[in-house]
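Presented below is the structure to which this report refers.
The values are calculated or read from the model by the stated rules, or taken from the named source; none is laboratory data. Given the structure is predicted, the values throughout are model-derived calculations rather than measurements. Every residue, glycine among them, receives a Cβ derived from its backbone with ideal geometry; neighbour counts consider all protein chains shown. Only protein heavy atoms, including side chains, enter the accessible area calculation; ligands, DNA and RNA are left aside. Shrake-Rupley method; radii C 1.70, N 1.55, O 1.52, S 1.80 Å.
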Amino acid sequence: MSLSSVDDLKQPMTWPTGGATRIPYRLYSDPEIYALEQERIFKGPVWNFLCLEIDIPNAGDYKTSTVGETPIIATRDENGGVHAMVNRCSHKGALVCLKEKGNAKMLTCIYHSWSFDLAGNLKGVAFRNGLQGKGGLPDDFDTSKHGLETLRVETFCGLVFGTFSDETPSVESYLGQPMSKFLRRNLGKPLKPLGMHSQIIHNNWKLYAENVRDSYHATLLHTFYTTFKINRLDMDGGIVLAEDKWHHISYAKRETFDEAEEYKRSNIHAAQYDSQLDGPQLLNAWNEFDDGITHSIQAIFPNLAIQFTLNSLCVRFFVPRGIDKTELFWFYVGYEDDTEEQTAMRVMQGNLTGAAGLVSLEDGCINEFVQRGTHGSEGKAGLAEMGGRDVESSDASRATETAIRGFWTGYRKIMGIA
Ligand SMILES: [Fe+2]
């Protein structure tokens, strides 16, 4: 199914009255919408995260990834340049790179041994001139016209981004000033890989895009956050939206926690526990910055988020694997100049997140509950009025869904839904 505009949908799509405060459930389960997203978002004017620069530090390194559903190869060439190509042989369409990562001088398709350089140019065709004077490609076959399909590439703060669109502005312009500045805060010096894992979550990818922008849920769903006072709404904090609303930063300051009465009065299950940690050293974090922020999540449209919880720094990348299936990658990093103790602390605090993490295991299933709960109600819509109906930054409270409204504002625009 290949669609290019909402006009191509068999079932017409318009946004309900209420704008970004209403989220049509159909968007989580309509295969035509999903197909349209592949064209308008992932192949559209966005910067897609491809990998970390530290995934491909040396000449010849490559890393496979996906942009939407399209398989991608990111490479480092002999001169240090970074390239990205569709992982699809220009001959018959087979995957060229089969491994998650590796090192090679040439990228060779195993099907018919066509080989490409690290920039994707076709360099070798097996039996190009046939055998013993017979067969082979026509004389006018032009290898320069049959390289791998390339993407524009830019790196920023150790992140490698790619785009299919000629219209996407520079990464820094795409992010805007507040987003670029905060990325520099978190990722602006040489990174050290600490490990990664991935999990399949059984929901549409946009439910995770909402979830990482949902500062309201963190203190309600995540018992560990609330009980151990890592991220609560009664800490100083706020939400910063990008100028175009696509991206956001949510931040909290643990030191200025002042327990709010509402936690006791409301029926909040996460506030009912009085547990103690057998290993309290888990939370012996050191202050990385002098801005007082001890927890932050920054989401970059469409499917990237950077988490800095205490000293756990992690790049989260969530990839659509079908209308109701998403692969969520967690790339844990530290800094090259970390001490051994600092590295050990980051690794230990990595236990907060991930598929079995002390904090975020709940997110692995909550989005599936929405996927299942909305099944059969495609004509109805969800609600996002917490914190008001506008789509603006909020420095007063994080009991707001403004970043979710921001995501849908951007989504609606890029999808061209009236
Ligand atoms: Fe969560």
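Just to be sure I follow the definition: excluding the sites themselves, where is the longest run in the chain that has none of the GluC sites (Glu not before Pro) in a DSSP loop with at most 15 other Cβ atoms within 10 Å?
Segment 260-335 is the longest.
Around TRP246, with a cut-off of 12 angstrom between Cβ atoms, what is the net charge of the other residues, counting Lys and Arg +1 and Asp and Glu -1?
Here the charged neighbours net out to +3.
If we count every other residue with Cβ under 12 angstrom of TYR263's Cβ, Lys/Arg +1 and Asp/Glu -1, where does the sum land?
-1
With equal scatterers on the alpha carbons only and no solvent term, can you work out the Debye log10 of I(q)/I(0) for region 48-156 at 0.09, 0.13, 0.16 1/Å?
Calculated log10 I(q)/I(0) at the listed q: -0.24, -0.47, -0.68.
Per the helix-only calculation at 222 nm, which mean residue ellipticity applies to the chain, given -39500 (n - 2.57) for every DSSP H run of n ≥ 4 and division by its residues, nearest 500 deg cm²/dmol?
Using -39500 (n - 2.57) per qualifying helix, the result is -5000 deg cm²/dmol.
Normalised by the residues of the chain, what does the relative contact order come to in percent, with Cα pairs under 8 Å and at least six apart?
Dividing the mean separation by the residue count of the chain yields 20 percent.
Of LEU151, ALA399, LEU241, which is farthest on the positive side of the dipole of the chain, counting Cα position, with +1 on Lys and Arg Cβ, -1 on Asp and Glu Cβ, and the Cα centre as origin?
Positive-most Cα among the choices belongs to LEU151.
Which FRET efficiency, nearest 0.05, do GLN276 and GLU69 yield, Cβ-Cβ r, R0 35 Å?
E(calc), rounded to 0.05, equals 0.15.
Would you mind telling me which residue in SER393, SER296, SER377 has the biggest mean-square fluctuation in a Gaussian network model of the chain, where springs connect alpha carbons within a distance under 10 angstrom?
Greatest mean-square fluctuation among the candidates belongs to SER377.
For the Cα atoms of the chain, what angle does the longest principal axis make with the long axis of helix 177-187, in degrees from 0 to 90, nearest 10?
90
List every residue whose amide H lies under 5 Å from the amide H of ASP61, counting only residues 5 or more places away in sequence or on a different chain, with H placed 1.01 Å from N in the peptide plane.
Long-range HN contacts for ASP61: ARG76, ALA104.
Work out from phi, with θ = phi - 60° and the Karplus expression 6.51 cos²θ - 1.76 cosθ + 1.60, the ³J(HN,Hα) of each residue of region 377-387, listed in order in whole Hz, and give x for Gly and Pro.
Once rounded to whole Hz, the list reads 10, 4, x, 9, 9, x, 10, 9, 10, 4, x.
Taking amide H atoms as placed 1.01 Å from N in the peptide plane, list the residues 5 or more away in sequence, or in a different chain, whose amide H sits under 5 Å from that of LEU313.
VAL333
At a Förster radius of 56 Å, what calculated FRET efficiency corresponds to the Cβ-Cβ distance of ARG128 and SER4, to the nearest 0.05? Show your work: numbers first, answer last.
On the way: r = 37 Å, r/R0 = 0.65.
About 0.95, to the nearest 0.05.
Kindly provide log₁₀ I(q)/I(0) values, in the same order as q = 0.10 Å⁻¹, from the Debye equation applied to equal alpha-carbon scatterers of the chain.
With one equal scatterer per Cα and no solvent, log10 I(q)/I(0) is -0.72.
What is the gain in length, in nm to one decimal, between LYS264 and PHE289 on full extension, counting 0.36 nm per residue of separation less the C-alpha to C-alpha distance?
Net length gain for the segment: 5.8 nm.
Restricting attention to the alpha-carbon atoms of region 177-415, what are Rg (one decimal) and Dmax (integer), both in Å?
17.3, 54
Need the C-alpha centroid separation for region 222-261 versus region 345-418, integer Å.
That distance is 14 Å.
Just grab the label-to-label distance for LYS181 and GLU167, each label 7 Å out from Cα along the Cβ direction, in nm (one decimal).
2.9
Counting alpha carbon pairs within less than 8 Å and at least 6 residues apart, what relative contact order, in whole percent, applies to region 177-415?
That works out to 30 percent.
Suppose every K and R has +1 on its Cβ and every D and E has -1 on its Cβ; what is the size of the dipole of the chain about the Cα centre, in Debye to the nearest 20?
Computed about the Cα centre, the dipole is about 1040 debye.
With loop defined by DSSP as not H, G, I, E or B, and exposure as at most 14 other Cβ atoms within 10 Å, which is the longest segment of the chain clear of exposed chymotrypsin sites (Phe, Trp or Tyr not before Pro)?
On the way: sites that count: TYR111, PHE127, PHE141, TYR273, TRP286, PHE289.
Value returned for the longest uninterrupted segment is 142-272.
What accessible area per residue comes out for region 271-418, rounded to a whole number of Å², with a 1.4 Å probe?
43
Please report, in whole Å, how far the alpha carbons of region 286-353 spread along each principal axis, starting with the longest.
The Cα atoms of region 286-353 stretch 42, 24, 20 Å along their principal axes.
If DNA, RNA and ligands are ignored and the probe is 1.4 Å, what is the ranking of HIS202, HIS375 by accessible area, most exposed first?
Most to least solvent-accessible, the answer reads HIS375, HIS202.
Determine the gain in length on full extension of the stretch HIS197-SER144; use 0.36 nm per residue of separation and subtract their C-alpha separation, reporting nm with one decimal.
My answer for the length gained is 15.2 nm.
Run the reach check for LYS101 against aspartates and glutamates, Cα to Cα strictly under 14 Å, same-chain hits fewer than 8 apart removed. What comes back?
Leaving aside aspartates and glutamates fewer than 8 places away in the same chain, those within reach of LYS101 are GLU53, ASP55, ASP61.
Would you mind getting me the FRET efficiency between LYS413 and ASP236? Use the beta-carbon distance for r and R0 = 22 Å, nearest 0.05.
0.10
Please list, by residue number, every one of the trypsin sites (Lys or Arg not before Pro) in region 20-102 that is coil in DSSP and has at most 11 other beta-carbon atoms within 10 Å.
Details: sites: ARG22, ARG26, ARG40, LYS43, LYS63, ARG76, ARG88, LYS92, LYS99, LYS101; in loops: LYS43, ARG88, LYS92, LYS99.
Here the trypsin sites (Lys or Arg not before Pro) that fit, given the DSSP loop and packing criteria, are LYS92, LYS99.
Taking H placed 1.01 Å from N in the peptide plane, check which residues at least 5 places from ASN87 or on another chain put their amide H under 5 Å from its amide H.
Residues meeting the amide H criterion: ILE72, ILE73.
Could you tell me which residue out of THR223, THR353, TRP330 lies farthest along the dipole of region 177-415 toward its positive end? Charges go on the beta carbon: Lys and Arg +1, Asp and Glu -1, centred on the Cα centre.
Of the listed residues, the answer is TRP330.
For region 195-209, what does the Karplus curve 6.51 cos²θ - 1.76 cosθ + 1.60, with θ = phi - 60°, yield as ³J(HN,Hα) per residue in whole Hz, taken in order and with x for Gly and Pro?
x, 8, 8, 9, 9, 8, 10, 9, 8, 4, 4, 6, 5, 6, 4
What is region 48-156's relative contact order, in percent, from Cα pairs under 8 angstrom and six or more apart in sequence?
On the way: 212 pairs, mean separation 24.4, N = 109.
It rounds to 22 percent for region 48-156.
Starting at the first residue of region 108-122, write each ³J(HN,Hα) from the Karplus equation 6.51 cos²θ - 1.76 cosθ + 1.60 with θ = phi - 60°, in whole Hz, x for Gly and Pro.
10, 6, 6, 5, 10, 6, 6, 10, 10, 7, 6, 9, x, 6, 6
Give the residue from SER312, HIS375, THR108 lying farthest towards the positive end of the charge dipole for the chain; charges sit on Cβ (+1 for Lys and Arg, -1 for Asp and Glu) and the dipole is referred to the Cα centre.
THR108
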